[in-house]
1. Return the only residue of Glu188, Glu230, Glu204 being in contact (Cβ under 8 Å) with a residue 12 or more places away in the chain, closer than 27 Å to Arg324 by Cβ, surrounded by fewer than 23 Cβ atoms within 10 Å (Cβ to Cβ) and out of contact with any Pro (no Cβ under 9 Å at 6 or more places or on another chain).
2. Give the range 126-161 a look and list any residue that's of a type in the set (A, V, I, L, M), in a strand (DSSP E or B) and surrounded by fewer than 24 Cβ atoms within 10 Å (Cβ to Cβ), or say none.
3. Of all residues being assigned to a strand (DSSP E or B) and under 11 Å from the mean Cα position of the chain (by Cα) in the range 392-429, which is surrounded by the fewest Cβ atoms within 10 Å (Cβ to Cβ)? Just the residue, please.
4. Among all residue pairs at least 6 apart or on different chains, which show Cβ distances below 7 Å where the first residue, located in the range 407-431, is touching a residue at least 60 places away in the same chain (Cβ under 8 Å) and the second is of a type in the set (Asp, Glu)?
5. If Asp258 satisfies all but one of (1) closer than 29 Å to Glu367 by Cβ; (2) touching a residue at least 60 places away in the same chain (Cβ under 8 Å); (3) surrounded by fewer than 17 Cβ atoms within 10 Å (Cβ to Cβ), what's the number of the condition it fails?
6. Mind listing whichever residues of the range 382-418 are among the acidic types (Asp, Glu) and either modelled with pLDDT under 90 or farther than 23 Å from Val126 by Cβ (or both)?
7. Please go through the range 68-82 and pick out each residue that is surrounded by 14 or more Cβ atoms within 10 Å (Cβ to Cβ) and hydrophobic (A, V, I, L, M, F, W, C).
8. Within the range 68-93, how many residues turn out to be basic (Lys, Arg), outside any helix (DSSP H, G or I) and within 19 Å of the chain's Cα centre (by Cα)?
Amino acid sequence: MSVATAIATDMNGDEIAGEMDQLGRRARAAVQELALASAEQKNTALRVAAATLRDRTADLLAANALDIAAAEERKIAPSLIDRLKLDAGRIDAMAGGLEQIADLPDPVGEVLSTWDRPNGLNISRVRVPLGVIGIIYESRPNVTADAGGLCLKSGNAAILRGGSESFHSSKAILDCLQAGLGKAGLPEGAIQLVPTTDRAAVGEMLTMTDYIDIIVPRGGKSLIERVQRESKIPVIAHLEGLCHTYIDGAADPLMARDIVVNAKMRRPGICGATETLLVDKSIAEQTLPEIIETLSAAGCELRGDEATCALDTRVNPATEADWRTEYLEPILSIRQVDGLDGAIRHIATYSSHHTESIVTDDAARAEKFLNEVDSAIVMHNASTQFADGGEFGMGAEIGISTGRLHARGPVGVEQLTTFKYVVRGAGQVRP
């Protein structure tokens, strides 16, 4: 079955294993061709794919409508439907992301460093692709474009396994990516989509050590835990975004309000949304009422500690579980803390090490927060919603890695490469 024409069908175990084996073979063969592909070829594929996305906006919206209808029938939460939904603006943004990736310098072949040894050997460390990357993700169909584009630019083949809820949308986006590959003379196997929504395909994918070099999961906690538990392939994990914003005693109240409202409410369903607001108790009575008023008016449910509940009856009591919850909905937990040290202690205890922000006009306190908070992204006087590869100038990202090995933070083009050592001699032999 051609991936370009695949549809979600029921398969038995042998059929799934056979189809996944074919995906792996095509991807491994594609990597060999991508290693020889020029930057111009890859950029042509990306720009044609971007133009095709725009040209096929009506087709993409029709495919997305099928996914939205199915999600509504299953009564999926509105915030998750928002992650799933495409409109003309989001399609144009996807296309723009591919164009930004095309505009980035080609990382493959970049000489990271070079040096000469006393014996005359010249040694260079050179950037090379990782190989075949398996990406497992949920809900957001734009990940199909972002992941495919980033893998292509970095010389990697991609096997994409999107969520069942976004299958039709992801398939339509894949067709646009493969149109770009075809125009550039690159193999379709460079970007492929698993052609079934059967969860058994994920299990099969996690054991494909002969074909896949890295697994990148992007989704909810249960998905990440399953991948980390079952994968026989190294994993770059995008864990949940339990993000915090801390309002310091030296914060500008209006700036604090604007940042908090944006960090929570701009798009509550993305991983960079703030889930817990921490406030220096010394300024809580002066700062929190207007924030509570603005968030409540915007439709945000508030849950707070005892001191915060006492400020406004619209704040419901928070439980211990609230400090550990990534809501992905217009819900915010609020806690008053003993200054900067109290905020840092709370974050160390409850954070998923994704993104944390401090709002303060005190430069020394800001530096202490940035230095001592152990998360992939730390911010000063900025909304956590900026935790995004596109906003970082990377064009896009596959995810925000919350781990420590190989990549941390937004996983973009450079993070999808490794390096090798190139040694040039003139007949030296080791004594």
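1. Going through Glu188, Glu230, Glu204 in turn, just one is in contact (Cβ under 8 Å) with a residue 12 or more places away in the chain, closer than 27 Å to Arg324 by Cβ, surrounded by fewer than 23 Cβ atoms within 10 Å (Cβ to Cβ) and out of contact with any Pro (no Cβ under 9 Å at 6 or more places or on another chain): Glu230.
2. Val126, Val128, listed by residue number.
3. Result: Gly409.
4. Pairs found: Val411/Glu397; Gly412/Glu397.
5. For Asp258, the failing item is (2).
6. Hits for the range 382-418 are Asp388, Glu391, Glu397.
7. Across the range 68-82, the qualifying residues are Ile68, Ala70, Ala71, Ile76, Leu80, Ile81.
8. 1
The values are calculated or read from the model by the stated rules, or taken from the named source; none is laboratory data. Keep in mind that this is a model prediction, so the values were computed, not measured. Neighbour counts run over all protein chains shown; Cβ positions are idealised from the backbone, glycine included.
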